[in-house]
1. Of the numbered conditions (1) surrounded by 18 or more Cβ atoms within 10 Å (Cβ to Cβ); (2) closer than 18 Å to residue 129 by Cβ; (3) out of contact with any Phe, Trp or Tyr (no Cβ under 6 Å at 6 or more places or on another chain), residue 87 fails exactly one; give the number of that condition.
2. So is residue 65 open to solvent by 70 Å² or more (accessible area, probe 1.4 Å) and either among the acidic types (Asp, Glu) or in a helix (DSSP H, G or I) (or both) or not?
3. Just to verify a result, which residue in the stretch 102-121, among those that are in a helix (DSSP H, G or I) and open to solvent by 60 Å² or more (accessible area, probe 1.4 Å), is farthest from residue 177 (Cα to Cα)?
4. Identify, please: which residue in the stretch 74-93 is assigned to a strand (DSSP E or B) and within 16 Å of residue 42 (Cβ to Cβ) and is, among those, nearest to the chain's Cα centre (by Cα)?
5. Within the stretch 122-139, is even one residue outside any loop (DSSP other than H, G, I, E, B), free of Cβ contacts under 8 Å to residues at least 24 places away in the same chain and touching a Ser or Thr at 6+ places or on another chain (Cβ under 7 Å)?
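The values are calculated or read from the model by the stated rules, or taken from the named source; none is laboratory data. Given the structure is predicted, the values throughout are model-derived calculations rather than measurements. Note that each Cβ is placed from the backbone with ideal geometry, even for glycine, and that neighbours are counted across all protein chains shown. Accessible surface areas use protein heavy atoms only, side chains included; no ligands, DNA or RNA. Shrake-Rupley method; radii C 1.70, N 1.55, O 1.52, S 1.80 Å.
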Amino acid sequence: MWCLVDLDAAYLTNREDVLALYERAYWEKEPVVCLDEKPVSLHAEVRTPRPARPGHVAKRDTDYRCCGTANIFGVVEPKVGRHFTCATPDRTSAAFARMIDTIMAAYPAARPIHWVMDNLNTHREKALTDHYGLEEGHRLWQRLTVHYTPKHGSWLNQAEIEPSLVSRQCLGTRRIDALGRCAPKCARGPVVPTGERPRSTGASHARTPDARSDIQSQFLNGQRPRCNSNFGSTPRRVRWHRRRIVNFAATVFGIPRKGWSNAEWCRKP
């Protein structure tokens, strides 16, 4: 994935701020919570599907009826694997304010909560003050230390993997026609194997020195610095970043690596 933008001072500052936050050791009094959003379409069946039976697969008609849309808030504390994912009717500032209040209730003793999110127009203090009033909204916002990802660099947000996992594992390819049916499935979160969830001890993204060295190498080679999600332009870097994402998913969310070793990931085209 390439972002054809100039790497200005604001971009580099936000990127290093987020990377430095991920590199910090876990401290329960200052949790790191990441938030992302994903719209989903609600569809209803037009004709009754035929269930599977011996010798025949399940069959579903291609026609469906549109029933509007919903929104998935993917909220996760990646260092300990806590999930707060939920479905809401829309992606308004009021829904965002209620989500903030829900997270505050889950961390009553935390001062502050490090909050990673993108630059969506509703991700501002105004959303809280409009919904809860000036005094209460300001009080809630003061409990947050907000770390915005760079513009055109939202891939630095570790919560981006959460809505994707929910869509694949919880919603699947089934047709859901109402928010009431969608919300419980999202609340279950990604599938985790039986047993204790392992704790992630590091960030899933490249560290700050790796990001800096990539920018310096492009300057030394006379290239214009480019923003990409792999911190490099060579296939080896692409495969390296893919392996880091898979290892992060396996460690935090319990997603199996499907038997592939690190060496096999390096050889994967």
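1. The number of the failed condition is (2).
2. no
3. 105
4. Top of the filtered list is 86.
5. There is at least one residue in the stretch 122-139 that is outside any loop (DSSP other than H, G, I, E, B), free of Cβ contacts under 8 Å to residues at least 24 places away in the same chain and touching a Ser or Thr at 6+ places or on another chain (Cβ under 7 Å).
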